[in-house]
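Student: Take this structure, written in structure tokens, and hold onto it; I'll ask about it next.
Please treat every number below as a calculation from the coordinates, not as lab data. All values reported here derive from a predicted model rather than from experimental measurement. A quick note on method: Cβ atoms are made from the backbone with ideal geometry, for glycine too, and the neighbour counts reach across all protein chains shown.
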Amino acid sequence: MFAEKMTRRTVMSKTRFLLLRAIGLVVLTAFAGAVVEAADGPKLVVAEKIKDMGTVAQGEVLSVDFALVNEGDETLEIKAVRPTCGCTVADFDREIAPGKTGYVKAKLETRDFSGPISKSILIMTNDPQDPTLTVVIKTVVHPYVEVLPRPLVRFNAVQHEPMNQKVTVVAAEDEKDFAVTGVKSSVAYLNAKVSPVPKDQLLAGKSAQQYEIVLSIDNDSPVGPVNAVLDVQTNHPKAKTVPIKVFGVVRSLLHVTPAQVQFGSVSATKKPGRNIILVNNRSGGAEVKVTGAEVNDSAFATEIVTIEDGRRYQITITVKPDASPGPRDAILTLNTSDTQFPKLEVPVRANIS
């Protein structure tokens, strides 16, 4: 009886063992099939993901090519290439056949950088295992010529009044023959005058060959924002052109805001009104008074309110309640005590019902 029980247990154990073994073989076979299946399709391989360009002169444009190899068995599709700031992608291969090599061609503009920099490019493909891959351009940007205090000028100027901003250009290393040979402006009314810095005014700790650039604007410069670049030309073999960015605004001596009065469709019985502000931007305490305000259409009335005597005025234009209906295209004339601008004209438009 005991022997019979042992025989049954042995048979059951062997049966369980064979069943587990069979299940294991099925799982392994399925796993192996999944691995084989996963290995199919396109496969992106980039041998050199980081391109170290060493030390380059500030202002130099680097051209960098990344080789993309398709080690899969289907066509590799490059869906998108996205560079970071300062780096642009000139071109890239959209499709790469199995076993072939394609390229991402990038350019890096160094004029706005100094010291070690690292710029990345994100490559998106149809590689099922690794759909996104990042490559990197590294370099050290060396400013062979410095603009001090910085290669950026900001200004807030008033039309017809002087504006001067100064920067100093100097070789970053002791270059005895260094010279600034000229300056070109991208804006016609922004001027630059170059002169050697006197010996008693040289910046300490810098090369003795220093040049001062004085920026100014024409007397009749247009009103509005200024976004310009000055290209400083030098005889330095590795920095023949040094850029200086210029941002600013030119304001009118007498500024009216808004520049026109728009009523739109209005009812005369409600006596709608609009306000404008006249601001005197003259420096040195010169006062300007508003001596009169009149619209050349009897449908409108005006009122002058002094906000700051000689500096700021509010002019209110109101539609008279008895104004006849119809469209209006009139002119508001402001009389001032300013000899250059004795009269200012502001368009007034309305559709009165």
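Student: Using 7 Å Cα-to-Cβ label points, what is the GLU77/SER324 separation (nm, one decimal)?
Tutor: In this crude spin-label approximation the distance works out to 7.0 nm.
Student: If you project the alpha carbons of region 44-142 onto their three principal axes, what span does each projection cover, largest first, in Å?
Tutor: Computed over region 44-142, the largest-to-smallest principal extents equal 45, 19, 19 Å.
Student: So if R0 is 30 Å, what FRET efficiency would ASN219 and SER186 give, r being the distance between their Cβ atoms, rounded to the nearest 0.05?
Tutor: Efficiency computed from Cβ-Cβ geometry: 0.90.
Student: Moving to a separate point now. With just the Cα atoms defining each centre, how far is region 163-233 from region 320-350? Give it in Å.
Tutor: Here the two parts' Cα centres lie 45 Å apart.
Student: Moving on. Cα gyration tensor of region 50-92, axes a ≥ b ≥ c as square roots of the eigenvalues: rounded (a/c below 1.5), prolate (a/b > b/c) or oblate?
Tutor: Because a/c hits 1.5 or more and a/b exceeds b/c, region 50-92 counts as prolate.
Student: Then there is this: Can you bin region 102-153 into rounded, prolate or oblate? Criterion: square roots of the alpha carbon gyration tensor eigenvalues sorted a ≥ b ≥ c, rounded for a/c under 1.5, prolate for a/b above b/c, oblate for the rest.
Tutor: Prolate.
Student: Here is a follow-up. Can you give me the Kirkwood hydrodynamic radius for region 145-251, using every pair of distinct Cα atoms, in Å to one decimal?
Tutor: Value: 14.3 Å, from the Cα pair sum.
Student: Which of [x] 65, 51, 41; [y] 61, 39, 39; [z] 128, 75, 43 is the computed Cα extents along the principal axes in Å for the structure on display?
Tutor: [z]
Student: Moving on. In region 249-270, whose amide N lies under 11 Å from the spot 7 Å out along Cα-to-Cβ of ILE277? List them in ranges.
Tutor: Inside the label zone: 256-258.
Student: Follow-up question, since we're still on this one. Between ASP91 and MET124, what is 0.36 nm times their sequence separation minus the Cα-Cα distance? Round to one decimal in nm.
Tutor: Length gained between ASP91 and MET124: 10.4 nm.
Student: Whose amide H sits under 5 Å from the amide H of ASN235, counting only residues 5 or more places off or on another chain, with H placed in the peptide plane?
Tutor: Sorted by chain and number, the residues that satisfy this are ALA179, THR181.
Student: Once you keep just the Cα pairs under 8 angstrom separated by 6 or more residues, what percentage relative contact order results for region 44-142?
Tutor: 37
Student: Quick one: which residues, 5+ away or cross-chain, put their amide H under 5 Å from the amide H of HIS160? H built at 1.01 Å from N.
Tutor: Those qualifying (amide H under 5 Å, at least 5 residues apart or on another chain) are SER221.
Student: Quick one: which residues, 5 or more positions from PHE155 or on another chain, have an amide H under 5 Å from its amide H? H modelled 1.01 Å from N in the peptide plane, none for Pro or chain starts.
Tutor: Under 5 Å from the amide H of PHE155 lie the amide H atoms of PHE247, GLY248, VAL249, each far enough along the sequence or on another chain.
Student: Suppose the chain between ALA57 and SER265 were pulled fully straight at 0.36 nm per residue; how much longer would it get relative to their current alpha carbon spacing?
Tutor: 68.7 nm
Student: So what is the relative contact order of the chain, in percent, for Cα pairs below 8 Å that sit 6 or more residues apart?
Tutor: Dividing the mean separation by the residue count of the chain yields 11 percent.
Student: In the chain, with Lys and Arg counted as +1 and Asp and Glu as -1 at Cβ, which of these residues, VAL183, GLN165, LEU278, has the Cα nearest the positive end of the dipole, that is, farthest along it?
Tutor: LEU278
Student: Multiply the residue separation of SER114 and ASN296 by 0.36 nm, subtract the distance between their alpha-carbon atoms, and state the gained length in nm to one decimal.
Tutor: Length difference between fully extended and current span is 59.6 nm.
Student: How many nm is it between the label spots at LYS107 and THR132, if each spot is 7 Å from the Cα in line with the beta carbon?
Tutor: Calculated label separation equals 2.7 nm.
Student: Between ASN235 and ARG150, with labels modelled 7 Å along Cα→Cβ, what's the label distance in nm to one decimal, could you check?
Tutor: The modelled label-to-label distance comes out at 3.2 nm.
Student: Moving on. Residue-wise, which Karplus ³J(HN,Hα) couplings in Hz belong to region 328-345, taking 6.51 cos²θ - 1.76 cosθ + 1.60, θ = phi - 60°, and x for glycine or proline?
Tutor: These are the phi-based 3J(HN,Hα) values: 10, 9, 10, 10, 8, 10, 9, 9, 10, 8, 7, 5, 7, 10, x, 9, 10, 10 Hz.
Student: Enumerate by residue number the GluC sites (Glu not before Pro) in region 159-256 meeting two conditions: DSSP loop (anything except H, G, I, E, B), and at most 16 other Cβ atoms within 10 Å of the site's Cβ.
Tutor: For GluC sites (Glu not before Pro) across region 159-256 that sit outside H, G, I, E and B with at most 16 neighbouring Cβ atoms in 10 Å, the list reads GLU173.
Student: Taking each pair of different alpha-carbon atoms in region 254-352 once, compute 1/r for the pair, average those values, and report the inverse of that mean as the Kirkwood hydrodynamic radius in Å to one decimal.
Tutor: Its Kirkwood hydrodynamic radius stands at 13.9 Å.
Student: For n ≥ 4 DSSP H runs only, could you compute -39500 (n - 2.57) per run for the chain, divide by its residues and tell me the 222 nm figure to the nearest 500?
Tutor: Computed mean residue ellipticity for the chain: -4000 deg cm²/dmol.
Student: Additional query: Compute, for the chain, the length of the dipole vector about the Cα centre, with Cβ point charges of +1 (Lys, Arg) and -1 (Asp, Glu) only. Units Debye, rounded to 20.
Tutor: Here the chain has a charge dipole of around 1300 debye.
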